[in-house]
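I have placed the structure first, in the form of structure tokens, so that the comments after it can refer back to it.
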Amino acid sequence: MLTNNLVPINTKGQTFQMLMQIYEKAQNQVLEELIQIKEGTSKFYGYDVIHYITSRIKTPKSIIGKMKKKNYELNYQNLIDHINDIAGIRIVCPLEQDISTIVTIIENMPNIKIIKVKDYLTKPKQSGYSGYHIVVQTPVKVKEKEIPVKVEIQLRTIAMDFWATNEHKMKYKTTKKISLIDSKKLSIYAKVLQLLESKIAKIYQKQNNMA
């Protein structure tokens with residue numbers, strides 16, 4: 001992607017800006033296909049299997065912060081090799097069974113290659129976080145050459161997204177550190193939401209079987 005990847009990162013420089021544009025192009029390519037999948041599955045299944053889709057490019061501050069946290073030397077080689085979520089897409093589905101449907105479709109998309117999967121559905125994080133993460137590569141044309149660029153796709157249910165969004169705000173978007181007791185409460189509430197979601201899914205399946 002770069003002629004000398006060991007160059008130290010300068011987030012204000014032209015090289016960094018060019019790199020972010022490449023990631024954004026990759027993100028837009030994958031996003032466009034996912035929007036088509038959202039429309040197609042809605043027509044096929046008769047309801048919104050994908051509730052909504054959001055996307056973002058990681059901020060320079062967040063990229064550097066993550067590299068420092070993981071003790072990577074701040075050069076472009078490490079950024080490209082190890083930071084998989086610079087381009088990020090989130091898919092929010094009504095229920096967990098819908099995530100499985102979309103994952104199967106993603107696995108068969110012709111223009112992407114899956115390189116890493118993190119399944120937090122069958123094994124949630126200790127914090128209570130649940131979701132399904134897929135890191136894919138998509139070919140991006142740069143100066144008449146096609147290069148593989150990574151995009152992370154996160155899949156959550158509405159309940160999972162509600163929990164994760166608020167947990168992130170409380171833990172990382174405020175100056176006051178969350179207490180251990182409240183952190184444990186959040187973990188318990190995640191399990192409560194998961195139980196509630198599974199009960200709603202059973203009612204939904206029951207109604208479908210009766211139709």
Could you tell me whether Glu152 is among the charged types (D, E, K, R) and over 15 Å from the mean Cα position of the chain (by Cα)? no
So how many residues does segment 28-85 have that are of a type in the set (S, T, N, Q), without any contact (Cβ under 8 Å) to a residue 24 or more places away in the chain and outside any helix (DSSP H, G or I)? 2
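Select from segment 104-149 the residues that are in a loop (DSSP other than H, G, I, E, B), over 16 Å from the mean Cα position of the chain (by Cα) and either surrounded by 14 or more Cβ atoms within 10 Å (Cβ to Cβ) or among the hydroxyl-bearing types (Ser, Thr, Tyr) (or both) and list them in ascending order.
Met109, Thr122, Ser127, Gly128
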Inspect all residues belonging to segment 46-69 and state whether any of them is at pLDDT 95 or above and at positive phi. no
Could you tell me which of the residues Val140, Val151 is in contact with a strand residue (DSSP E or B) (Cβ under 9 Å, 6 or more places away or on another chain), touching a residue at least 24 places away in the same chain (Cβ under 8 Å) and more than 18 Å from Ser62 (Cα to Cα)? Val140
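What do you reckon, is Asp161 under 24 Å from Lys184 (Cα atoms), touching a strand residue (DSSP E or B) at 6+ places or on another chain (Cβ under 7 Å) and surrounded by fewer than 14 Cβ atoms within 10 Å (Cβ to Cβ)?
Values: under 24 Å from Lys184 (Cα atoms): yes; touching a strand residue (DSSP E or B) at 6+ places or on another chain (Cβ under 7 Å): yes; surrounded by fewer than 14 Cβ atoms within 10 Å (Cβ to Cβ): no.
Spelling it out, it is not the case that Asp161 is under 24 Å from Lys184 (Cα atoms), touching a strand residue (DSSP E or B) at 6+ places or on another chain (Cβ under 7 Å) and surrounded by fewer than 14 Cβ atoms within 10 Å (Cβ to Cβ).
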Are there any pairs with C-beta distances below 9 angstrom linking a residue in segment 89-115 that is over 20 Å from Met160 (Cβ atoms) to a residue that is part of a loop (DSSP other than H, G, I, E, B), with the two at least 6 apart or on different chains, and if so which? Ile115/Asn84
Considering only segment 169-187, state which residues are at pLDDT 85 or above and surrounded by 10 or more Cβ atoms within 10 Å (Cβ to Cβ). Lys169, Met170, Ile178, Asp182, Ser183, Lys184, Lys185, Leu186, Ser187
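The values are calculated or read from the model by the stated rules, or taken from the named source; none is laboratory data. All of these numbers come straight from a predicted model, not from anything done at the bench. For neighbour counting, all protein chains shown are included, and Cβ atoms are generated from backbone atoms with ideal geometry for every residue, glycine included.
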